[in-house]
1. Only one of THR115, THR119, THR81 is surrounded by 22 or more Cβ atoms within 10 Å (Cβ to Cβ) and closer than 21 Å to VAL18 by Cα; which?
2. Select, from LYS15, LYS63, the only residue that is touching a strand residue (DSSP E or B) at 6+ places or on another chain (Cβ under 9 Å), more than 15 Å from LEU96 (Cα to Cα) and part of a helix (DSSP H, G or I).
3. Quick one: how many residues across the range 15-50 are open to solvent by 100 Å² or more (accessible area, probe 1.4 Å) and either of a type in the set (S, T, N, Q) or over 29 Å from PRO83 (Cβ atoms) (or both)?
4. Before we move on, is LYS93 among the basic types (Lys, Arg), under 21 Å from GLY150 (Cα atoms) and surrounded by 17 or more Cβ atoms within 10 Å (Cβ to Cβ)?
5. Could you tell me whether the range 124-140 includes any residue that is within 23 Å of PRO98 (Cα to Cα), crowded, with 17+ Cβ neighbours inside 10 Å and either of a type outside the set (D, E, K, R) or modelled with pLDDT of 95 or more (or both)?
6. Just to be sure before I move on: is VAL69 modelled with pLDDT of 90 or more, more than 18 Å from the chain's Cα centre (by Cα) and not charged (D, E, K, R) in the structure I sent?
7. Could you please find all residues in the range 66-108 being over 21 Å from GLU4 (Cα atoms), of a type in the set (Gly, Ala, Ser) and in contact with a strand residue (DSSP E or B) (Cβ under 8 Å, 6 or more places away or on another chain)?
Amino acid sequence: FSLEQGEKFFTIGSKQLVSYNLMVDYINRFKCGINLSTGNYAIELRSYDDQSDVQWTEVIAQKLAASDVDIFLGGYSSTLTKPLAEVAHENAKLLLAPGAASTPVFDGKDKVFGTFPPTNKYLAQAVEGLAKVGAKTIATVWEDAAFTRGVCAAAPDLAETNQLELTSAQEV
């Protein structure tokens, strides 16, 4: 999580950490922890400042994978979550990545889960809906950013699938 004011993802990351803490507190207090066949176990949440830095996120992930951590909870941003997903996958650890959407974070990683649709699915319902109401063409315009680039990269396939013509695809 980006936990220092001024870091790129501080606002969302700090709120995400509050949400995780609320969840852990609820499970430990009101559900007596997690019930496994060997008994009930309290959840221990450890959080680390990723400094909005991909390399530092990977260092933290490697350290945790080598320790007794079994489940990773990702912070905000596909860019920061991707190295965490790679480490979790390589070490057969579970990763909940609610702040990531980039398709490569999840592809081929059976223990990595998110709450957003992958970027290549963001426009699927919209394009299908346009085709159903009689649209014949679509166009995309996106900012120079990984997320929007990933979302709009799916437009040619979505247009073809829905028998629409993609008239323009422009990065601004």
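1. Numbers: THR115 fails: surrounded by 22 or more Cβ atoms within 10 Å (Cβ to Cβ); THR119 fails: closer than 21 Å to VAL18 by Cα.
One residue alone meets the criteria, THR81.
2. None of the other options fit; the residue is LYS15.
3. Counting residues in the range 15-50 that are open to solvent by 100 Å² or more (accessible area, probe 1.4 Å) and either of a type in the set (S, T, N, Q) or over 29 Å from PRO83 (Cβ atoms) (or both) gives 7.
4. On the way: among the basic types (Lys, Arg): yes; under 21 Å from GLY150 (Cα atoms): no; surrounded by 17 or more Cβ atoms within 10 Å (Cβ to Cβ): yes.
Judged against the criteria, LYS93 is not a match.
5. Residues of the range 124-140 within 23 Å of PRO98 (Cα to Cα): 124-126.
So of that shortlist, the ones also crowded, with 17+ Cβ neighbours inside 10 Å come out as none.
Taking every residue of the range 124-140 in turn, none turns out to be within 23 Å of PRO98 (Cα to Cα), crowded, with 17+ Cβ neighbours inside 10 Å and either of a type outside the set (D, E, K, R) or modelled with pLDDT of 95 or more (or both).
6. Numbers: modelled with pLDDT of 90 or more: yes; more than 18 Å from the chain's Cα centre (by Cα): yes; not charged (D, E, K, R): yes.
So VAL69 fits the description; yes.
7. Across the range 66-108, the qualifying residues are ALA85, ALA88, ALA101.
The values are calculated or read from the model by the stated rules, or taken from the named source; none is laboratory data. Values in this document were obtained by computation on a predicted structure and should not be read as measured data. Positions of Cβ are generated from backbone atoms using ideal geometry, with glycine treated the same way; all protein chains shown enter the neighbour counts. With ligands, DNA and RNA removed, areas are computed over all heavy atoms of the protein, side chains included. Shrake-Rupley method; radii C 1.70, N 1.55, O 1.52, S 1.80 Å.
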